[in-house]
Structure formats: structure tokens, C-alpha cells
Amino acid sequence: MRRLQERILGPRWTSAAASDGVIWLLGVCHKVSDSAEESGISPGFSEFLQDFESRIWITYRQGFESIENSKLTTDIGWGCMIRSGQMLLAQALVCHHLGRAWRRKTNQPYPREYFEILQYFGDSPTEECPLSIHNLLDVGKLYGLAPGAWLGPYALCRTVETLAKAEKKPGQKCQQKQVLPMMVYVAAGDAEGERGGAPVLCTDDVVRICTEREDDSEEWAPLLILIPLVLGLDKINPRYLSALRATFCFPQSLGIMGGKPGASTYLVGVQDDQVLYLDPHEVQQCLKISPGNIETDTSSYHCTMVRRMPLDAIDPSLALGFYCHQREDFSDLCARASELAEKSDGAPLFTIAESSRRGKRTLCTNFYEDDDGKLPLDIDCHIVNDAKIDVASSEDEWQIL
């Protein structure tokens with residue numbers, strides 16, 4: 001069984017595979033060297049393992065309440081994309097509530113926020129578990145989500161975006177409890193991908209959704225950015241590999257929902273030409289988490305086994321995730337993405353534009369904060385049609401799912 005799993009999902013990743021070099025894990029650089037301690041493991045590798053094992057691992061579960069009118073009490077064989085998406089969302093919540101530097105330490109009590117994050121993904125249709133597989137499927141009906149059916153990353157991204165919008169219901173006196181403590185923005189291609197082309201992150205739209213508040217405050221709202229992509233047909237186009245690898249170095253990185261065809265995983269890191277991931281295909285029993293019960297054993301939400309696969313072997317259908325806690329984080333992300341697009345030789349993963357209006361888009365290549373804390377978006381801008389980025393040349397290899 002283990003050999004079969006390794007053939008399908010990739011071999012285990014060990015310290016021997018990382019005896020020297022640099023590992024990028026969700027925006028954090030871990031330098032691994034040959035100088036090992038008495039344990040035989042180098043300090044850099046130990047730090048990497050602690051970081052990796054602190055990420056929240058969400059897998060197939062069984063024994064939960066049946067989903068809607070179906071008799072399904074498990075997501076075995078069909079829920080891997082949802083579980084991959086849940087892991088990416090969990091990382092966004094960890095960054096928001098606990099910070100990227102948070103590490104799980106078994107000899108110390110966990111903060112209440114940690115248990116609240118796990119409760120978000122409990123396998124229950126209740127309001128206490130807003131990001132459960134039950135609630136995601138319910139909201140995702142608009143995008144074709146159904147119990148027992150596999151789905152693509154685009155549909156899941158749109159589902160998360162819809163679920164995150166807390167609106168008043170008719171006759172409701174107060175605002176619904178916000179599902180996510182952050183805004184969600186999904187960057188897509190022209191006309192939702194109907195004409196192909198690289199997805200466009202429109203800064204005007206982002207600034208609007210992150211600054212428009214009911215209380216008229218100008219405080220910046222934390223932001224989750226999701227970018228669904230298809231980077232080829234049967235396999236990923238080699239032109240995108242370098243840029244894809246570089247996104248793991250962005251401090252805003254939440255990793256990638258992706259994997260091998262028909263076997264979605266959560267890609268969290270990269271070393272050379274190997275991508276490291278958390279695998280949702282392990283079956284575990286349904287577990288109820290309550291923030292009031294800090295004695296709950298949560299070890300099933302953390303993985304001690306690192307798996308790897310060649311970066312060029314991943315499914316071309318995937319979705320990038322980024323978290324920007326402050327306006328400065330978004331500014332930095334735009335600067336990094338613009339620089340990456342300029343180096344893409346006509347094949348950018350996505351582009352940054354000021355406006356989402358139809359027709360020509362203004363592409364911005366410089367982003368900074370001025371003395372008033374504003375984010376000027378009209379500096380060193382030029383028209384996409386005249387830019388070095390050749391969007392049209394790559395349209396035949398693009399598709400939005």
C-alpha cells in the first residue's frame with residue numbers, strides 16, 4: 001500500500017534529500033546545511049520541520065453527519081480539492097490570528113485562537129463550522145459543487161469568495177457574523193476566462209473592497225487573494241515553472257491548491273525542482289473541536305511526513321493564494337508580482353492592473369506608500385496592449401476552470 005501511495009502521490013521527503021541548499025516554505029527561507037547536531041539533523045532542517053509540522057493538515061474524514069440529502073458520511077475519493085482549499089484557508093487564518101512566525105509546541109498550551117481556527121473546518125453543517133465541507137458544498141452549488149463529485153480550483157475559489165460575503169438577509173436587524181475576518185478577492189482572466197489570457201489583479205477593486213467600511217473608517221481590511229490558473233493542457237507548460245517557484249518566496253504566500261491529476265494536494269514549499277506538500281488523502285475519523293476544550297488531542301491536524309514531487313509534474317490546474325494583513329503587504333505583493341511578470345518573457349502567471357474597466361487596462365509597475373499612507377496606482381504605468389508582457393501570445397495555453 002505504501003509503495004502504491006508513493007507511486008501516486010510521490011515519495012517521502014527526508015533530511016537526506018535536503019542535505020544542502022535552501023527550502024522556501026510559505027514565504028519563509030530555511031537554509032539547510034550538512035553541519036548536523038548529535039541527533040544527525042542540522043539546525044536548519046530542524047527549524048524547517050517545526051515550521052512544516054505547525055501547518056494545519058486537513059484530510060479525508062469519515063463518520064461525520066451526512067451531507068444534505070445524500071447518504072455520504074465521508075469524503076473519501078472525492079473531497080481532496082476541498083481539503084486542499086481548507087488547508088490554504090487555515091493557513092490564512094493562522095497568519096491572521098497567530099502570525100506567520102507561530103509554531104506548534106507540544107510542551108506548551110495552545111492559544112484559544114488555534115482551537116477556533118480548527119473549529120472553522122469541523123465536519124458539521126453548523127454555524128460554528130462555517131468552512132466545513134458541508135457548508136462549502138452548500139454555498140458552492142452555484143458553481144457546480146455537489147457531494148461525491150470532484151471539482152476544479154476555480155469553482156472552489158469562487159465558493160470561498162461567495163461564502164465570505166456577509167450580507168443582511170431581508171428583515172434581519174443586525175449584520176450576519178462575518179465568516180472570515182478578511183476580505184476575499186479572486187483574480188480571473190478576461191470575461192471570467194472566456195477569452196483566455198493571464199488573470200488580472202485589479203488594484204482599484206482591491207483598494208475599494210479593503211477600504212470601504214460601513215463605519216466610514218479608512219482602516220485597511222486584511223485581504224485573502226485567490227488566483228485560479230490553468231498553466232497548460234495535459235501538463236504544466238515549462239515556461240511557467242520559474243515564476244511558479246518564485247511565488248513560494250513571497251512573504252504573502254499561502255501556497256498552492258494543486259497536485260497530480262485527480263489527486264489534489266496542498267503545495268507549501270519548494271527546493272530546487274522539487275515541490276513539498278501536505279497530502280489530504282489519508283483517512284481519519286471525524287473529530288469535534290471546541291475552543292472551550294483545550295485538552296482535545298489535535299495531533300490529527302498536523303503532519304510529520306513531508307512529501308515531494310517534481311514541480312513540472314503537478315497538474316496545470318491550480319490556484320495561488322496570498323494573504324495581505326496590511327496595506328503595505330499588498331503594496332509589496334504588487335511590486336513583487338510586477339517584477340516577476342516583467343521577467344516572464346511573455347508568459348506571466350498573472351498581471352497587475354489599475355482598472356478593471358473593459359478595453360485597455362493600465363498596467364502598474366511601481367507601488368509604494370506616500371507620506372499620507374495612500375497607495376498611488378498611477379506611477380510608471382503603461383497600456384497592457386503596448387507592454388512587454390505579451391498576453392495574447394499565451395492565450396491559447398490559458399483556461400479558467
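The values are calculated or read from the model by the stated rules, or taken from the named source; none is laboratory data. Treat the numbers as computed from the prediction; the structure is a model and nothing was measured. All Cβ positions, glycine included, derive from the backbone under ideal geometry; neighbour counts span all protein chains shown. All accessible areas refer to the heavy atoms of the entire protein, side chains included, with ligands and DNA or RNA removed. Shrake-Rupley method; radii C 1.70, N 1.55, O 1.52, S 1.80 Å.
What are the pairs with Cβ atoms under 7 angstrom where one residue, in the range 44-56, is farther than 12 Å from Lys31 by Cβ and open to solvent by 10 Å² or more (accessible area, probe 1.4 Å) and the other, located anywhere, is modelled with pLDDT of 95 or more and aromatic (Phe, Trp, Tyr)? Sequence gap at least six, or different chains.
As it stands, the answer is none, since no pair meets every condition given.
Restricting attention to the range 112-135, which residues are out of contact with any helix residue (DSSP H, G or I) (no Cβ under 7 Å at 6 or more places or on another chain), open to solvent by less than 40 Å² (accessible area, probe 1.4 Å) and either on the phi > 0 side of the Ramachandran plot or assigned to a loop (DSSP other than H, G, I, E, B) (or both)?
Of everything in the range 112-135, those that are out of contact with any helix residue (DSSP H, G or I) (no Cβ under 7 Å at 6 or more places or on another chain), open to solvent by less than 40 Å² (accessible area, probe 1.4 Å) and either on the phi > 0 side of the Ramachandran plot or assigned to a loop (DSSP other than H, G, I, E, B) (or both) turn out to be Gly122, Ser132.
Can you name the residue in the range 140-165 that is surrounded by 20 or more Cβ atoms within 10 Å (Cβ to Cβ) and β-branched (Val, Ile, Thr) and, of all such residues, is nearest to Phe115 (Cα to Cα)?
It comes out as Val160.
Look through Ser300, Ser290, Ser338, Ser331 and report the one residue that is assigned to a loop (DSSP other than H, G, I, E, B), surrounded by fewer than 23 Cβ atoms within 10 Å (Cβ to Cβ) and of a type in the set (Ser, Thr, Tyr).
Residue meeting the stated conditions: Ser290.
List the number of the failed condition for Tyr266; all other conditions in (1) surrounded by fewer than 24 Cβ atoms within 10 Å (Cβ to Cβ); (2) at pLDDT 95 or above; (3) under 21 Å from Thr59 (Cα atoms); (4) not polar (S, T, N, Q) hold.
Status for Tyr266: all satisfied but (1).
For Leu320, are the conditions met, namely being within 30 Å of Tyr110 (Cβ to Cβ), at pLDDT 95 or above, in contact with a helix residue (DSSP H, G or I) (Cβ under 8 Å, 6 or more places away or on another chain) and outside any loop (DSSP other than H, G, I, E, B)?
It is true that Leu320 is within 30 Å of Tyr110 (Cβ to Cβ), at pLDDT 95 or above, in contact with a helix residue (DSSP H, G or I) (Cβ under 8 Å, 6 or more places away or on another chain) and outside any loop (DSSP other than H, G, I, E, B).
Taking the condition of being open to solvent by 10 Å² or more (accessible area, probe 1.4 Å) and either of a type in the set (Asp, Glu) or under 19 Å from Ala187 (Cβ atoms) (or both), how many residues in the range 303-328 meet it?
7
Residues being touching a strand residue (DSSP E or B) at 6+ places or on another chain (Cβ under 8 Å), among the aliphatic types (A, V, I, L, M) and either outside any helix (DSSP H, G or I) or under 18 Å from His96 (Cα atoms) (or both): count how many of those fall in the range 341-356.
So the answer is 3.
Which of (1) open to solvent by 10 Å² or more (accessible area, probe 1.4 Å); (2) touching a residue at least 40 places away in the same chain (Cβ under 8 Å) does Glu219 not meet, given it meets every other one?
That leaves (2) as the condition not met.
Determine, yes or no, whether Thr126 is closer than 30 Å to Gln271 by Cα and free of Cβ contacts under 8 Å to residues at least 12 places away in the same chain.
In short, no.
Restricting to the range 285-309, name every residue that is touching an Asp or Glu at 6+ places or on another chain (Cβ under 6 Å) and not hydroxyl-bearing (Ser, Thr, Tyr).
Across the range 285-309, the qualifying residues are Cys286, Pro291, His302, Arg307.
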